[in-house]
Amino acid sequence: MAGSPLDTVGWTVIYFIDKGITEKPAQLMMTEYDRINDEATGKFNDGMNHSKQTLFIMIALLLIMGSAAALIVAKRIVKPIEHMTKRIHEISGTDLAFEMDDTYRTGDEIEMLAESFTTLSKRTISYIEQITKITAEKERIGAELELATKIQADMLPNLYPAFPEREEFDIYATMTPAKEVGGDFYDFFLIDDDHLGIVMADVSGKSVPAALFMMMSKILVNNYAMMGGSPAKVLEQTNTQICKNNDEDMFVTVWLGILDLSTGRLTAANAGHEYPVLLKPDGKFELYKDKHGFVVGGMSGLKFKEYTIDLKPGSKLFLYTDGVPEATDSEKELFGTDRMAAALNEKTDGSPKEILDTVRSSVNGFVKEAEQFDDLTMLCLEYRGKEEK
């Protein structure tokens, strides 16, 4: 029921509607909503079922395509790689060749990889052949150097006592090359029954060239000395001969002395060599700063000066190359002549061999593990004189 006043006439209009009529539109709307909802649900379920079928079909297609792709990959990639791996594992010993095969000709990265392995294999075989040749050559050179070392050692006096029948003197010398063969050399020889020649020399350079030059120089000095020349004359003749054919400009420092065994008079000449060290009876070793000349082989037409020293019984003479004072420790410090003199004076009453052993021991203790860069050559002479009868 609803009412509305009419002011103009003073009436009120009241009207009545059946409840069932007012509820009918809502019922119709709900009915239509349920129908629409049922229809949508059915279509959704139908769509879902269709989507599931489509999905299953797509999965099946993907599996089929994946299997086919796997077979293709296995044929084009996996099999060539397996074949390649097997061949690489088989390579050993003298069979080091990896050769290109039709299996690897896939037109892609597999073929490029196989070509790279083939190239690497060829280079490896070539490298091994070169190393084999180099090793064989090195062994040959090593054997020849070992033989050269023996020949060089045999050329130097190495049997002691050197002159067991001579009571006027005792002499001992050693040479330790820095390389397989060295450029230092010493020599001592009887020129006649009353004269002893003594040589200490150091060739420029190291190894084989220095050793060849050393052998030539030693022979020349020995030959000219045996012909009866004075030390200065012998060095002049040796220098003249060396300068005739010396395109490599090599040279040698030489100390040469000739000792009169009956009187003890030592006549010597120094061609750019280290100072000798002299021990007088009841004294100590001291550097003898003699007159230096130019090196042998440095210039043609050289003249050399000589001097004399009167050795008394009990005197000792120490000769050496620069490898002794220039021996270097790990801190790059030189052994020096002061340490050398101190080592010599540790055993002034010892035999020539004992004196050299003492100096060598002192050098080794100073140098320790440092590498030896120069030859180490030493000689010691003890003059005893002739016994009066």
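The values are calculated or read from the model by the stated rules, or taken from the named source; none is laboratory data. Because the structure is a prediction, the values reported are computed rather than measured. Glycine gets a Cβ as well: all are built from the backbone with ideal geometry, and neighbour counts include every protein chain shown. Quick note on the areas: whole protein, heavy atoms, side chains included, nothing else; ligands and nucleic acids left out. Shrake-Rupley method; radii C 1.70, N 1.55, O 1.52, S 1.80 Å.
Whether a residue is touching a Pro at 6+ places or on another chain (Cβ under 8 Å) and outside any loop (DSSP other than H, G, I, E, B) was assessed, and Thr337 passes this test. Tell me, which residue of segment 1-28 that is in a helix (DSSP H, G or I) and surrounded by 10 or more Cβ atoms within 10 Å (Cβ to Cβ) is modelled with the lowest pLDDT? The residue in question is Glu23.
Per the conditions (1) on the phi > 0 side of the Ramachandran plot; (2) open to solvent by 20 Å² or more (accessible area, probe 1.4 Å), the sole criterion not satisfied by Lys284 is (1).
A quick yes/no check of all residues on (1) β-branched (Val, Ile, Thr); (2) open to solvent by 70 Å² or more (accessible area, probe 1.4 Å); (3) over 60 Å from the mean Cα position of the chain (by Cα); (4) at pLDDT below 85:
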site	(1), (2), (3), (4)
Asp38	no, yes, yes, yes
Thr41	yes, no, yes, yes
Phe44	no, yes, yes, yes
Asn49	no, yes, yes, yes
Met58	no, yes, yes, no
Ala69	no, no, no, yes
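So which residues in segment 340-389 are assigned to a helix (DSSP H, G or I), of a type outside the set (A, V, I, L, M) and either out of contact with any Ser or Thr (no Cβ under 8 Å at 6 or more places or on another chain) or under 22 Å from Asn158 (Cα atoms) (or both)? Correct list: Asn345, Pro352, Lys353, Glu354, Asp357, Thr358, Arg360, Ser361, Ser362, Asn364, Gly365, Phe366. Per the listing Leu344, Leu319, Leu381, Leu376, the residue uniquely in contact with a Cys (Cβ under 8 Å, 6 or more places away or on another chain) and not small (Gly, Ala, Ser) is Leu319. For Asp357, the conditions (1) within 33 Å of the chain's Cα centre (by Cα); (2) open to solvent by 90 Å² or more (accessible area, probe 1.4 Å); (3) over 23 Å from Ser330 (Cβ atoms) all hold with the exception of (2).
All conditions in (1) in a loop (DSSP other than H, G, I, E, B); (2) at pLDDT below 65 hold for Ile77, with the sole exception of (1). Among the residues of segment 360-372, the ones that are of a type outside the set (A, V, I, L, M, F, W, C) and open to solvent by less than 40 Å² (accessible area, probe 1.4 Å) come to 1 in all. All but one of (1) of a type outside the set (Gly, Ala, Ser); (2) under 22 Å from Asp202 (Cβ atoms); (3) free of Cβ contacts under 8 Å to residues at least 40 places away in the same chain hold for Thr377; which doesn't? Just one mismatch for Thr377, condition (3).
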